[in-house]
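Let me begin by presenting the structure, written as structure tokens, before commenting on it.
Read the figures in this text as sums done on the coordinates, not as results from a lab. In this text the structure is predicted, and so the values were computed from the model without any measurement.
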Amino acid sequence: MRSQDKATRKRPGHGPHHDLGLVPVGQPSVEDAGLSRRNLLLTLGVAGVAATGSALGLVPYKDDARAATSGSLAAPSGSKTEHQWCRVIDLRVCTGERKCVSSCQTRHGLPPDQTWMRVLSWKDDAGKEVFMPVPCQLCENPPCVSVCPVSATYKSDDGVVLVDQETCIGSRACMAACPYEARYFNWNEPAPTNRMPAQSPNTPEFPANHIGTVGKCVLCLDRMPFEKELPSCVEACPNGVHYVGDLVTDVAVNGKTTVKLSTFLRENNAVRFKEELGTNPRTYYILANGQPLGGPLEGVK
């Protein structure tokens, strides 16, 4: 039924909950290429907000644009959740293989003509082709949420924008409102998939997309808290372009290395895409050789 009450909407986990068993670690700021995938995920629970706040000098999240250059980040003021997710995309090592796109399609049973991430490409001044993956930008102030006529799209407590497939009526108002073109209409019935744990319900975090609704990146929330795995795009990239980060613990991982999030952003002059629009995106880009975000006005595909 598509009349699901938002007040009673529950997060996934009606079946057996797989506890991540998060434990403190010593120095999350030190990169360690030898960490296993499981250990990388365990580092996402290095400390609580109280323990981290005094040590890192955290600032209100509304000031995170300045924090990215001044040295620290923070979860939104008043946040009580264990994690506040964000992304980092390192364009210096992106070679346009688009394995992030194909792995996402496979993971979520998407047809060949539908992706939840696109990779822009263009030639720089020297004639070299450069690339820029554009997934959902994890906006803190997502314009897609306010325009939905049935409140099918919303922001989760841990900062991921989701679509309730049982409520969405396919108005596509959210698609028009998204300045990043990160939403996609389900013209066809998605392919069958076994991506969800058997006991898991159809929830926005475990989307079973319907024809005539809007789909989007969900940061593989069915993997991180429940299956101890990183998002499929992160794991599939051979170059370590994609990081998933946590503003609460100030840690980011890409399946190969673990970094202290605020330091990594500051030291590499990270920027955000179209932040002048006031969306306050939680996706940070590290530029390669001064390339412009979004590319030049012409020649981008």
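Brief remarks follow.
- The range 214-301: C-alpha gyration tensor shape, a/c 1.5 cut-off, then a/b vs b/c: prolate
- Shape of the range 116-164, Cα gyration tensor, a/c cut at 1.5: prolate
- Residues whose amide H comes within less than 5 Å of that of residue 213, counting only those at least five positions distant or on another chain, are 186 (H built at 1.01 Å from N in the peptide plane).
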